[in-house]
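Some notes on the structure that comes next.
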């Protein structure tokens, strides 16, 4: 069986807030529902509040392309307020590793996302890459708009 091809998604946002405040927002799993497009019907199944630390498991349910998925992630790195990583243990991807890096400069915080993922069902799964990539770009664009609305009280900068 052929090994799935790795893909990388990058996203970045800068907010006029201290790093500890921005990190706290992202460290609260309930906020993920607030910044996910409504058509994904994203729900956290793990009872809230969740005490986030390395090794924490979080279960979700969502719909991608009209298909319902259960998704379980593990926090594999927890370095507040600088960095955390969540990895898919079960879900729609062959693999999914999402790194969140935070840095502060001149009273503003930049949060950088890096998602390393592989599509399932290699090599045939790669046929869906254009569709999946476009959907992920749209999801992260929506996230950026919502984060700016909630935290920045401003419009996202134009690209």
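Name the strands (runs of 3 or more DSSP E) wholly inside region 43-159 in which the number of residues that are farther than 15 Å from residue 33 by Cα, without any contact (Cβ under 8 Å) to a residue 60 or more places away in the chain and out of contact with any strand residue (DSSP E or B) (no Cβ under 7 Å at 6 or more places or on another chain) is 1 or more. Show your work before the answer.
Numbers: elements: 57-64, 67-79, 83-90, 95-105, 108-118.
Strands (runs of 3 or more DSSP E) meeting the threshold: 67-79, 95-105.
Of all residues in region 24-36, how many are farther than 23 Å from residue 79 by Cα and either buried (at least 16 other Cβ atoms within 10 Å of the Cβ) or in contact with a strand residue (DSSP E or B) (Cβ under 9 Å, 6 or more places away or on another chain) (or both)? Walk me through it before giving the result.
Step one: list which residues in region 24-36 are farther than 23 Å from residue 79 by Cα, which gives 34, 36.
Still in the running and either buried (at least 16 other Cβ atoms within 10 Å of the Cβ) or in contact with a strand residue (DSSP E or B) (Cβ under 9 Å, 6 or more places away or on another chain) (or both): 36.
Matching residues across region 24-36 total 1.
If a residue has to be touching a helix residue (DSSP H, G or I) at 6+ places or on another chain (Cβ under 8 Å), part of a helix (DSSP H, G or I) and more than 28 Å from residue 103 (Cβ to Cβ) to count, how many in region 1-42 make the cut?
1
Surrounded by 15 or more Cβ atoms within 10 Å (Cβ to Cβ), over 17 Å from the mean Cα position of the chain (by Cα) and over 21 Å from residue 139 (Cα atoms): does that describe residue 48?
Values: surrounded by 15 or more Cβ atoms within 10 Å (Cβ to Cβ): no; over 17 Å from the mean Cα position of the chain (by Cα): yes; over 21 Å from residue 139 (Cα atoms): yes.
Here the answer is no, as residue 48 does not meet what is asked.
Which residues, taken from region 1-23, are over 21 Å from residue 150 (Cα atoms), surrounded by 14 or more Cβ atoms within 10 Å (Cβ to Cβ) and under 16 Å from the mean Cα position of the chain (by Cα)?
7, 9
No value in this document is a laboratory result; all are computed from the given coordinates. Here the structure is a predicted model, which means the values were calculated and not measured. In this analysis, Cβ positions are derived from the backbone assuming ideal geometry, glycine residues included, and neighbour counts consider all displayed protein chains.
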